[in-house]
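Take a look at the structure below.
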Amino acid sequence: MMTLKSFDNFVESDKTSTSEVSQTDVGTRTKFETRNLCFYYSSTKALHDVSIQIPKKKVTALIGPSGCGKSTFLRTLNRMNELIEGTRQTGEVLLDGVDVYQSRIDVVLLRKRIGMVFQKSTPFPKSVFDNVAYGPRVAGERSKSHLKEIVEESLKKAALWEEVKDRLKDSAMALSGGQQQRLCIARAIANSPDVLLMDEPASALDPASTARIEDLIFQLKKNYTIVIVTHNMQQAARVSNLTAFFFEGELIEFGKTKEIFTNPDKKQTEDYITGRFG
Amino acid sequence: MKKTERDFSTHLKKRHFAGRIFKSICCASTWTGIVVLVVLLVAVLWKAWGWLDWDYLSHYDSRHPENAGILAGFWGSFWLAILTTLFTVPIGVGAAVYLEEFAPNSRLTRFIQVNIANLAGVPSIVYGILGLTFFVRMFDLFQGDQDKEIEIFLILTSVKIPLPLGRTLVAGALTLSLLILPVVIVAAQEALKAVPSSLQNASLALGATRWQTVKHHIIPSAAPGILTGIILSISRAIGETAPLVMIGALTYVAFSPGDIESPVQLVTNPQGIAKAPFDTFTAMPLQIYNWVSRPKEEYRHVAAAGIVLMLVFLLAMNATAIFLRHHFKKKLQL
Amino acid sequence: MRISSNEGRELKISKSLTDASLARDEIVKRNFSSLEKKITIFSMKERAIYLVLFMCGVASIATTIGIIYVLLSNSVFAMGGNEAFFEHVSLVDFFTDTQWTPQYAEKHFGILPLLCGTFLIAGIAALIGMPLGLGSAVYLSEYASLKSRKFLKPTLELLAGIPTVVYGYFALVFVTPYILRPIFQDLMGFSVDIFNATSAGIVVGIMILPTVASMSEDALRAVPRQLREAGYALGSTKYDVSVRVILPAASSGVVASFMLAFARAIGETMAVTIAAGQKPSMTLNPFRSVETMTTYIVNVSLGDTPAGTVEYQSLYAVGLTLFCITLTMNLVSQKVLSRFREVYE
């Protein structure tokens, strides 16, 4: 579990509020940066001028009441919102300093570098092996032995290998809810992304499975930048290094998790955390 | 990992290219069907050009293609449509109402549903065999050279029902009714299912019986959908040929059922209306088939003219059905 | 005294209590009778209506029984004093004899030529209708914009609404002389009969295209959105998602649509009668004239075959075979479809 000491070992860019225009620490510390990001569902504005810097190899939690735009924000990072008709955005989303919404960027490539895990686990109706191997396969990996390696490694990283190593050919639909979600994590890892985006990954699971997922996240952050949306504040407090509080499409406050939860700057943040609304 | 970014990029280009080709293939498949449709319609129109005129509509079949007309077929189809509707609507809607509103969720009910789905897939010619044996010949029960008759006296005239039914319009209509009954039942069921349950609950909560709820609220609410389904089914029945061939609808016919040859005579000749259903007959698709089978080249044009006429009717019926569906949908949404 | 007055009061109380409870019982009884079910004219009318509706529902079962009975009559058991078909012709001969010549002096009743013709045409129809139908379904469900769908879908439905005689006419008058003959006879040197299986097969294929397209599209759309999203999030192109995720997930729905369409192709009558001719032959050459089960039934009834003869009864035997084949395919297709629906609904 996290100690107070480990809390201190982290990036300088804390407590970035929306009014400050900060210099981008390109290439060394920041993985994602958004600048004045606005997002529209047809005519409804869902995100207002969100500017944030998400650091590398840390866990950043996005919290806020339902409908505040945190999932929408997450999905702008890997351009998943484009699958819905009538959406558009203004502003910039930078991955390692590169604007991902430029027309010259290949969105397929982008999504390979960013892994996503959804709220409801969505295994394909295929075998466990084929699920995990899907990403590499579509990317062109043909060698069977190589695929086996990748699958085994990903399942190990997702802490699922021991449970399924004898059942690789079985249908993924036969796994339990918690196992399916870890399978989805393994599937995302198999693409060797740099980033893992998680949209309320444990909200549909029982407490035991939730605890396992949280442990997993703790392990994974050594190698991946993780952004996790959660409505469970205790989870955010347990798992993340930084927390961003969203409200009605705006980024209200962003900083070290410990400080957000014990000594928030804005009153709205404090109200939400103490349960006065949401 | 082992694959470099560059390998992935070139492979990605290939993937995108393959994706574009796949999209084109699927698009082409869709448009092939439409192109064939257009070609078919144009071809038929071209062959029928100059042959579809008022003479054609008002003459009977003839040994000379120039004089051949579709009058008999038109009236035959007309009577068939009316009689089929008369038979199908009560039974079809009744069955749908029973299955949707009254039937318990028992094995019998499920069996009936499966049965209806199967009946929808039975080839039309098997229905023809059924019609031939059951309606036309009535299992040869009334064998003998003396055709019995039942006479029913109505106000203006009497109705003579021959037994066995023989190759009459009634036999044809009954056969076609059986053919489209599964389709009508399914369509009516869909329409009934679409009625919101809040409506039913409100009615029942006010103390209405099941039947009162159905009669006053559910059927009126589902009526547009049921009507649409009926119109579409009848239009299908009009195009059917095989069952009519089986029951022996005649192919060279130079009279109209009940001797009613024009819409005016519908009013002036009530005896004809009583006689018509029990007359022998032909129908539009059947005449078309007959013309196609004749060796003379000119008959191809005559057949094409009949096809155009029939397609116009079907189009009109389908358009009416779609218009009604649209119109009532708007009305109910207010 | 106290006791007695208590007793007296008790008695009074208990009496008034009994009175009260009696009165209460009366009220309850009255209430009950106002709610009690009674037999009235009104309720009898309800029951009568229920019965009528029930009969309508059962009418479909009567139809099925009628069909089975009729097909078995004249073929398996005798009617009206004649011998049944299978009493004249043994089952073995029926299924193994390679000639079907009921109208000749030397009568053969082997159904194989008819089966051959039926499946040859249905096979060609499947080769055309299934790929085109599936391709249309994929395009409509995955690629087409909303505006295109509004136009394309109803137009494809129109194909299904055209009567079969029209298709037969089209096959005979256009497909054979203007498409098949120029390509295969003039260009490639095959000999193409006027009546041939290919023109019939092509046209029946177009007829079943809307069925395949519509049912397959429903199956593709039934695949939940989350599965598509998961596919995209893993760095798939649209082609990857459509072919590697959605089609496999919808496969049983698609297969059910194929089976249903194939059953329809087998049962198709008029287009085949017009386009393929009436000469039964055991051939795989698609350019020859063939006779199918359905065509044969039509021909017998158009002709002058008197009732009660073996030729007439062969009609029923062939009808029975046709019915069994299509029924089996329909049942299997429904089973597959219901299992598919279980997964996604």
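Each reported figure results from applying straightforward, stated rules to the coordinates on display, with no laboratory input. Keep in mind that what you see is a predicted model, and the values were worked out from it rather than measured. Cβ atoms come from the backbone with ideal geometry, glycine included; neighbour counts cover every protein chain shown.
Side notes on the structure shown:
- Maximal additional length on extending the residue B:21-residue B:208 stretch stands at 61.2 nm, based on 0.36 nm per residue less the C-alpha distance.
- Comparing B:304, B:205, B:68 in a Gaussian network model of chain B (Cα springs below 10 Å), the most mobile by mean-square fluctuation is B:205.
- For region C:117-180, the equivalent ellipsoid derived from the Cα gyration tensor has semi-axes of 27, 15, 10 Å, listed largest first.
- Förster radius 22 Å - calculated FRET efficiency between residue A:45 and residue A:104 (Cβ-Cβ, nearest 0.05): 0.20
- Amide proton proximity set for residue A:101, modelled H, under 5 Å, gap of 5+: A:93
- Approximating the spin labels as points 7 Å out from Cα along Cα→Cβ, the residue A:144-to-residue B:35 distance works out to 4.2 nm.
- Mean per-residue shielding of peptide C:223-233 is 6, counting Cβ atoms of other chains within 10 Å of each Cβ.
- Model label points for residue A:36 and residue B:296, set 7 angstrom from Cα along the Cα-to-Cβ axis, are 8.4 nm apart.
- Hypothetical label at residue C:72: residues of region C:284-319 whose amide nitrogen lies under 20 Å (7 Å Cα-Cβ projection): C:313-319
- Fraction of alpha-carbon pairs over 16 Å apart in region C:241-345 - percent: 68
- For region C:256-270 and region A:138-188, distance of Cα centres in Å: 41
- Phi-based couplings in Hz for region B:48-54 (Karplus 6.51, -1.76, 1.60; Gly and Pro marked x): 8, 4, x, 9, 9, 9, 4
- If you plug the beta carbon distance of residue C:50 and residue C:160 into 1/(1 + (r/R0)^6) with R0 = 35 Å, you get a FRET efficiency near 0.45.
- Pairs of Cα atoms farther than 16 Å apart, region B:170-210, %: 58
- The mean number of Cβ atoms from other chains found within 10 Å of a Cβ in peptide C:295-306 is 3, as a whole number.
- Lys, Arg +1 and Asp, Glu -1 on Cβ, resulting dipole of the protein assembly as shown about Cα centre, debye, nearest 20: 3060
- Here the Kirkwood formula puts the hydrodynamic radius of region C:133-212 at 14.2 Å, using every distinct Cα pair.
- Taking the convex hull of Cα positions in chain B, its mean projected area over all directions (nm²): 29.4
- C-alpha long axis of helix C:251-267 to longest principal axis of chain C, angle in °: 60
- Note on chain C: GNM, Cα springs under 10 Å; of C:307, C:275, C:59, the largest mean-square fluctuation is that of C:59.
- Look at B:37, C:120 and count the other Cβ atoms within 10 Å of each Cβ; fewest to most, that gives B:37, C:120.
- For chain C, the longest principal axis of the alpha carbon atoms and the long axis of helix C:146-161 meet at an angle near 70°.
- Highest mean packing first, where packing is the average number of other Cβ atoms within 10 Å per residue, the peptides C:299-305, C:248-254 line up as C:248-254, C:299-305.
- Length released on extending from residue A:165 to residue A:277, taking residue separation times 0.36 nm less the Cα-Cα span: 35.8 nm
- Taking other Cβ atoms within 10 Å as a rough exposure proxy, C:151, B:74, A:245, C:119 sort from fewest to most as C:151, C:119, B:74, A:245.
- For the pair residue B:265 and residue C:16, label points projected 7 Å from Cα toward Cβ lie 9.4 nm apart.
- Sorted largest first, the principal axis extents computed over the alpha-carbon atoms of chain A equal 53, 43, 35 Å.
- For chain C, the Stokes-Einstein estimate of translational diffusion at 37 °C and a viscosity of 0.692 mPa s comes to 130 µm²/s, using the Kirkwood hydrodynamic radius over alpha-carbon pairs.
- Overall, chain C carries a charge dipole of about 1920 debye about its Cα centre when +1 sits on the Cβ of Lys and Arg and -1 on the Cβ of Asp and Glu, all other atoms neutral.
- Alpha-carbon centroids, region B:182-231 and region C:176-205: separation in whole Å: 51
- Cα centroid of region C:70-148 to Cα centroid of region B:245-309, whole Å: 30
- Built amide H within the under 5 Å cut-off of residue A:252, gap 5+: A:245, A:246, A:247
- Overall form of the protein assembly as shown per C-alpha gyration tensor (a/c, 1.5; a/b vs b/c): oblate
- Whole-Hz ³J(HN,Hα) from phi, Karplus 6.51 cos²θ - 1.76 cosθ + 1.60, for region C:198-206, glycine and proline x: 5, 4, 4, x, 4, 5, 5, x, 5
- Computed from the C-beta positions of residue B:14 and residue C:146 and an R0 of 25 Å, the FRET efficiency is 0.25 to the nearest 0.05.
- The length gained by stretching the chain between residue C:324 and residue C:188 to full extension, at 0.36 nm per residue less their Cα-Cα distance, is 45.0 nm.
- Residue mean of other protein chain beta carbons inside 10 Å, C:63-69: 6
- Each Cα pair under 8 Å and six or more residues apart adds its separation to the average, and for chain C the resulting relative contact order is 22 percent.
- Packing-based exposure ordering (other Cβ within 10 Å, fewest first) of C:259, C:44, A:198: C:44, C:259, A:198
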